[in-house]
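Q: Questions regarding the structure given below will be posed in turn.
The values are calculated or read from the model by the stated rules, or taken from the named source; none is laboratory data. The shown structure was predicted, so the numbers you read here are calculated from the model rather than taken from an experiment. Cβ: placed from backbone, ideal geometry, glycine included. Neighbour counts: every protein chain shown. Heavy atoms of the whole protein, side chains included, go into the accessibility calculation; ligands, DNA and RNA do not. Shrake-Rupley method; radii C 1.70, N 1.55, O 1.52, S 1.80 Å.
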Amino acid sequence: MDLSELERDNTGRCRLNSPVPAVCRKEPCVLGIDEAGRGPVLGPMVYAICYCPLTRLADLEALKVADSKTLSESERFRLFAKMEEDGDFVGWALDVLSPNLISTSMLGRVKYNLNSLSHDTATELVRYALDQGVKVAQVFVDTVGPPETYQEWLQQRFPGIEVTVKAKADALFPVVSAASICAKVARDQAVKNWQFVEKLQDLDADYGSGYPNDPKTKAWLRKHVDPVFGFPQFVRFSWRTAQSILETEAEDVTWEDSQTGDQEGLGRIKSYFSESPRTRPRLPHRYFQERGLESATTL
C-alpha cells in the first residue's frame, strides 16, 4: 500500500484507492465499511470500503477474510496482498484521518464529535464509489452508535441502495471483514512510518498499543510533551488522557480576562525560557528552529 502522499503531509486527510474493476461498473455490487484506530490516543483513524460484484461474493469469502482484530499483522498483510491480486473483481478505497484533523474537529468552536466525523467519512466513501461508477446495490456497515439510527441516517442518503448496519459487522459479513483488513493494514503502516515534523529528542518508537489505558503509551506521552507547545501531531490532544498529562506536565496559561485568584504554585509561560531545576534539557521546539530564534540572556 503506497502511503507516500500521507508521508508528505500527515496533518489532514488522505484518500487512497485501488483501480475500479471493470466488472464492478457492470454488475450490482456489495460494499462493506469499517474503520481502524477509533480508540487510540496516538496515530490516525482509517475508514475503508471494500466492494465486489454480488456474483463474486463467494470468491471473496473463499479468501478466508475475517475481522482484522482476530488476525495477526502478517495475516492481514497476506490477505490484503491476496485482495490486490484479485483486483479484477475486488476494489477498495480508504480515508486516513490524521490525529490533528480529529482533534481540531472535536475541539473547534463548532463541535464536531467523533461519531459525526465517522458517519460523514463513511458517507463520503460510498459517494466516492458511486462517483467512480461502481454499481452499489447493498451496503453493510459496522455500526458507530445505535445501529438503527445510523442505518436510517444512511438509508435516507442512499434511498436506492439496501443498507444494513450491525454491531460486529466485521465478524458477520465478509465484505466488511475485507474493509476492516484494508483499514488496519493502512493504519499499521501509517503508524510504523509516521513522519514527525517535530524534531523530538531521543524519540522512542515503542509507543505501546497507542490506547489511553496502556502504561507504555502514557509513559511515551509524558516523555514527549512540550511544556508550552504540547504534543507532537502524532497525538490526539483532544483525548482525555492527553489533556490530563498537559494539565500536570505543561505550563499553565493565565489569560488577561481570567479571574484572578490564588495562583501560588502555578507555573508561568516565561519559565519556559529560563533555567530552573524544573526544566529538563531539550532541543528547541520547531517553532523557534524554523524562525531561527535563540534564547538571549544578555542584550
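Q: Where in the stretch 164-255 are the helices (runs of 4 or more DSSP H), entirely inside, with at least 3 residues that are surrounded by fewer than 21 Cβ atoms within 10 Å (Cβ to Cβ)?
A: By residue number, 174-192, 215-223, 240-249.
Q: Which residue out of 38, 78 is open to solvent by 60 Å² or more (accessible area, probe 1.4 Å) and free of Cβ contacts under 8 Å to residues at least 40 places away in the same chain?
A: Numbers: 38 fails: free of Cβ contacts under 8 Å to residues at least 40 places away in the same chain.
When all the criteria are applied, what remains is 78.
Q: Determine whether residue 31 is open to solvent by 40 Å² or more (accessible area, probe 1.4 Å), over 14 Å from the mean Cα position of the chain (by Cα) and farther than 21 Å from residue 207 by Cβ.
A: Criteria not met by residue 31.
Q: Of all residues in the stretch 55-75, which are part of a helix (DSSP H, G or I) and either open to solvent by less than 60 Å² (accessible area, probe 1.4 Å) or closer than 20 Å to residue 89 by Cβ (or both)? Lay out the reasoning, then the answer.
A: Here is the first cut: in the stretch 55-75, the ones part of a helix (DSSP H, G or I) are 55-61, 68-70, 73-75.
Result: 55, 56, 57, 58, 59, 60, 61, 68.
Q: If you don't mind, there's one more thing I want to ask. Note down all Cβ pairs under 6 Å where the first residue falls in the stretch 5-27 and is in a helix (DSSP H, G or I), the second is open to solvent by 10 Å² or more (accessible area, probe 1.4 Å), and they're at least six residues apart or on different chains.
A: As it stands, the answer is 7/195; 25/133, since those pairs meet every condition given.
Q: Still on this structure, I have one more. Considering each of 110, 176, 144 in turn, give the residue that is on the phi < 0 side of the Ramachandran plot and modelled with pLDDT of 95 or more.
A: 176
Q: Write out, first by first residue and then by second, each pair whose Cβ atoms fall under 6 Å of each other, whose residues are 6+ apart or on separate chains, and whose first residue, in the stretch 133-148, is more than 9 Å from residue 165 (Cα to Cα) while the second is of a type in the set (D, E, K, R).
A: Here the result reads 133/25; 138/162, each pair linking the stretch 133-148 to a residue that is of a type in the set (D, E, K, R).
Q: Name the pairs whose Cβ atoms lie under 6 Å apart, with the first residue in the stretch 201-221 and closer than 16 Å to residue 190 by Cα, the second of a type in the set (A, V, I, L, M, F, W, C), and 6 or more positions between them or separate chains?
A: From residues that are closer than 16 Å to residue 190 by Cα, the pairs are 207/42; 207/220; 210/42.
Q: Restricting to the stretch 115-138, what's the tally of residues that are open to solvent by less than 20 Å² (accessible area, probe 1.4 Å) and either within 28 Å of residue 196 (Cα to Cα) or hydroxyl-bearing (Ser, Thr, Tyr) (or both)?
A: So the answer is 6.
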